[in-house]
């Protein structure tokens, strides 16, 4: 029995009776606007779905992005492809006149939020306003910084040098503070008060 042309075949069972080379399967898929994976098994699955009435289409090619605009105060964060690199740091160094300029955590949170929401209206100038505290868009969750500062201050206190595993001791004291309504800061008084509960 001679193999019929693909378009005259009505069922996957009939199609499966014949041998098809991989290149033929790819051509069939492409000719019918279907995704054409490289593996033969995957190609058969695509064709089986086709016979069941489901067309597995190729992913649309992403349109090429426009060249990013130079960083300027009126450029949108998205428009200029803003990242926290040396180029942006140099720009903000010039704008602020601060030779040791550093991005603050609220600037980082803001750019993240702008990118997540796709807000094309938010500009680099707006980000400068965030730096100076003139504008708020998104704020960093500073609770993570509390722990970092607590550990830093714990280690800075000479009284804590008696603990062989200082980080473990700091964590035990932090747990007491974290689970209470106390202010989330380290102090020598705190250490003395809970010294017996620190392992």
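We did not get these values from a lab; they are worked out from the coordinates using the rules stated. Since the model is a prediction, treat every value here as computed from it, not as a measurement. Ideal geometry is used to build each Cβ from the backbone, glycine not excepted, and the neighbour counts take in all protein chains shown.
Here are some notes:
- Cα gyration tensor category, rounded, prolate or oblate, for region 65-140 with a/c compared to 1.5: oblate
- Each label point was placed 7 Å from the Cα along the Cα-to-Cβ direction; for residue 196 and residue 54 their separation is 6.7 nm.
- When Kirkwood radius over Cα pairs in Å is computed from the coordinates, the matching label among (1) 23.5; (2) 16.6; (3) 18.0 is (1).
- GNM result for the chain, Cα springs below 10 Å: residue of 140, 131, 186 fluctuating most strongly: 186
- Theoretical FRET efficiency, 1/(1+(r/R0)^6), r = Cβ-Cβ of residue 38 and residue 112, R0 30 Å, to 0.05: 0.25
- Structure remark: mean-square fluctuation, Gaussian network model of the chain, C-alpha springs under 10 Å; the largest value among 123, 139, 160 belongs to 160.
- Residue-averaged 222 nm ellipticity for the chain, from DSSP H runs of 4+ at -39500 (n - 2.57), nearest 500: -14000 deg cm²/dmol
- Largest GNM mean-square fluctuation among 106, 90, 181, using the chain with Cα springs under 10 Å: 181.
- The label point for residue 168 and the one for residue 120, both projected 7 Å from the Cα toward the Cβ, are 5.7 nm apart.
- Short-range pairs are left out: with C-alpha atoms under 8 Å and at least six residues apart, the relative contact order of the chain is 12 percent.
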